[in-house]
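K.L.:
Structure incoming, see below.
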Amino acid sequence: MPKQRIAIDMDEVMADSIARFQEWYGRDFQLELTLEAMRGKNPRDVVAPEHQPALRAYPNTEGFFRDLPVIKDSQQVVKALTEKYEVFIATAAMEFHNSFLDKYQWLQRHFPFLPWRNFVFCGDKSILNADYLIDDNAYNFDGFRGEGLLFDAPHNALETRYRRVHSWQEVAEILL
């Protein structure tokens, strides 16, 4: 009997891109971008209008995705998931023109147990043939045929349509 499949988003699920936004915003404007301020909002919507172009440009800047912090417990739980499921990483690398190589190398460095064949760089995640999709953006569940698990993040705090997971330990409780 074939294993069930899990597709996992990268940014804000495995890799902490919000930390990079906070770091670069602090560097460029000497101001703090807090998680509380971002609750239910996109980071660029909580800064002064004159700072918004910089926040829009960050993900398109070479190196933005290169060395993002790893989300707590993601490595251990994803490794455990591979024992029971087929695991694929599904990330929208095409959205940001400099992100593809950074994301690929990041995955190889932090998740070396995942084969490169299980990396899916796509835009529309409805094409994924998986039983579960773990993602921080609810719009990625539109058209997805499996069950979406919404990984908790400041920007999705007000989303109530999907089953929410607050940590990788909670993912483990549900799927393992």
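The values are calculated or read from the model by the stated rules, or taken from the named source; none is laboratory data. Given the structure is predicted, the values throughout are model-derived calculations rather than measurements. Every residue, glycine as well, gets a Cβ built from its backbone with ideal geometry; the counts of neighbours run over all protein chains shown. The accessibility values were calculated without ligands, DNA or RNA, using every heavy atom of the protein model including side chains. Shrake-Rupley method; radii C 1.70, N 1.55, O 1.52, S 1.80 Å.
K.L.:
Could you report the chain's accessible area per residue, 1.4 Å probe, as an integer in Å²? Write down the numbers at each step before the final one.
P.N.:
On the way: 9160 Å² over 176 residues.
Result: 52 Å² of accessible area for each residue.
K.L.:
May I ask you to compute the full-extension gain from Tyr162 to Arg56, defined as 0.36 nm times their residue separation minus their alpha-carbon distance, rounded to one decimal in nm?
P.N.:
Working: separation 106, 0.36 × 106 = 38.16 nm, distance 2.72 nm.
Gain on stretching Tyr162 to Arg56: 35.4 nm.
K.L.:
Over what distance in Å are the Cα centres of the stretch 140-176 and the stretch 50-123 separated?
P.N.:
17
K.L.:
Further question on the same structure: So if each residue of separation counts as 0.36 nm, and I subtract the Cα-Cα distance between Asp131 and Lys84, what length gain in nm does that give? Mind dumping the intermediate values first?
P.N.:
Working: separation 47, 0.36 × 47 = 16.92 nm, distance 1.28 nm.
Stretched out fully, the Asp131 to Lys84 stretch lengthens by 15.6 nm.
K.L.:
Which value, in Å² rounded to 10, gives the accessible area of Lys41 with a 1.4 Å probe and all protein chains present?
P.N.:
100
K.L.:
Once amide H atoms are built 1.01 Å from N in the peptide plane, which residues 5 or more positions from Gly148, or in another chain, come under 5 Å H to H?
P.N.:
It is Leu133, by chain and number.
K.L.:
Using +1 on the beta carbon of Lys and Arg, -1 on that of Asp and Glu, and nothing else charged, what's the dipole of the chain about the Cα centre, debye to 20?
P.N.:
Values: 20 positive and 27 negative charges, 85 e Å.
In debye, rounded to 20, the chain gives about 400.
K.L.:
Here's another thing I want to ask about it. Can you put Asp102, Asp73 in order of accessible area, largest first, using a 1.4 Å probe? Before the final figure, lay out each step's value.
P.N.:
Working: Asp102 10, Asp73 40 Å².
Output order, biggest surface exposure first: Asp73, Asp102.
K.L.:
With a cut-off of 8 Å between alpha carbons and a minimum separation of six or more residues, what is the relative contact order of the chain in percent?
P.N.:
With pairs under 8 Å counted, the relative contact order is 30 percent.
K.L.:
Please list 3J(HN,Hα) in residue order for the stretch 143-148, calculated via the Karplus relation 6.51 cos²θ - 1.76 cosθ + 1.60 where θ = phi - 60°; whole Hz, with x for glycine and proline.
P.N.:
Coupling constants for the stretch 143-148: x, 6, 7, x, 9, x Hz.
K.L.:
What percentage of the solvent-accessible surface of the stretch 21-176, computed with a 1.4 Å probe over protein heavy atoms, is contributed by carbon and sulfur atoms?
P.N.:
On the way: 4170 of 8400 Å².
Percent of accessible area from carbon and sulfur atoms in the stretch 21-176: 50.
K.L.:
Determine the equivalent ellipsoid of the chain by diagonalising the alpha-carbon gyration tensor, then write out the semi-axes as square roots of 5 times the eigenvalues, largest first, rounded to whole Å.
P.N.:
On the way: eigenvalues 150, 64, 43 Å².
Values for the chain, descending: 27, 18, 15 Å.
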